[in-house]
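A quick write-up on the structure given underneath.
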Amino acid sequence: MVKGMKRVLRLTIAAVLGCGLHLYGQDAATEERLNKLQGQVEDLFVAQRAQREQIAELARELAALNARHANAQTQFVTREELRLLAEKIQELDRKREADKELILREIEKLGKTLSAPSRAANVPAVDATQLSPDQKGYEYVIQPGDTLSAIAEAYRQRNIKVTVEQILAANPGLDPKRLKVGQKIFIPAPSR
């Protein structure tokens, strides 16, 4: 019996030790699984925190986009504003055309004035008897736009041959660059 008991005792010890080892082995596997699960839960918490931060960043970007969109909407014009702008442009164009016509008429007037003979050609001759015997010629009143060369040319067209130099010699102190409207000058008659 002692042998049998020894055997049972050995078996019991072996079973207890075997169970203990088996339980220890199970505890280690369970602990490993628990550690693994705990690591996964921690990873989930980290991922959740990262997602919350990402969602917060996206919310800030969305708010900024909404603000820009609200500002952009105020920068657009309505159809009514476009219509008013088109009317103003058309009015401006009409005024431009009217100004163009006015300018063309004025240029045409100036062209006629420049191409018309000088007023000197239409000046009647002064009665030579009123002048001293040694002064034979004509009195001329300066008109707007007159120059001595234009006056001399106008008299030449009437077959009165006179030069600018002769006019200057007959009118001492006359400045050809400072002719005054209404000023009287003497146009010498050509000597025969």
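Give Ala170, Ala150 a once-over and let me know the one that is more than 22 Å from Thr113 (Cα to Cα), small (Gly, Ala, Ser) and in contact (Cβ under 8 Å) with a residue 12 or more places away in the chain. Spell out the reasoning first.
Details: Ala150 fails: more than 22 Å from Thr113 (Cα to Cα).
None of the other options fit; the residue is Ala170.
Which of the numbered conditions does Lys100 fail, given that it passes all the others? Conditions: (1) loosely packed, with under 10 Cβ neighbours inside 10 Å; (2) closer than 30 Å to Gly145 by Cβ; (3) of a type in the set (D, E, K, R).
Evaluating Lys100 over (1) loosely packed, with under 10 Cβ neighbours inside 10 Å; (2) closer than 30 Å to Gly145 by Cβ; (3) of a type in the set (D, E, K, R) leaves (1) as the failure.
Each reported figure results from applying straightforward, stated rules to the coordinates on display, with no laboratory input. All of these numbers come straight from a predicted model, not from anything done at the bench. Positions of Cβ are generated from backbone atoms using ideal geometry, with glycine treated the same way; all protein chains shown enter the neighbour counts.
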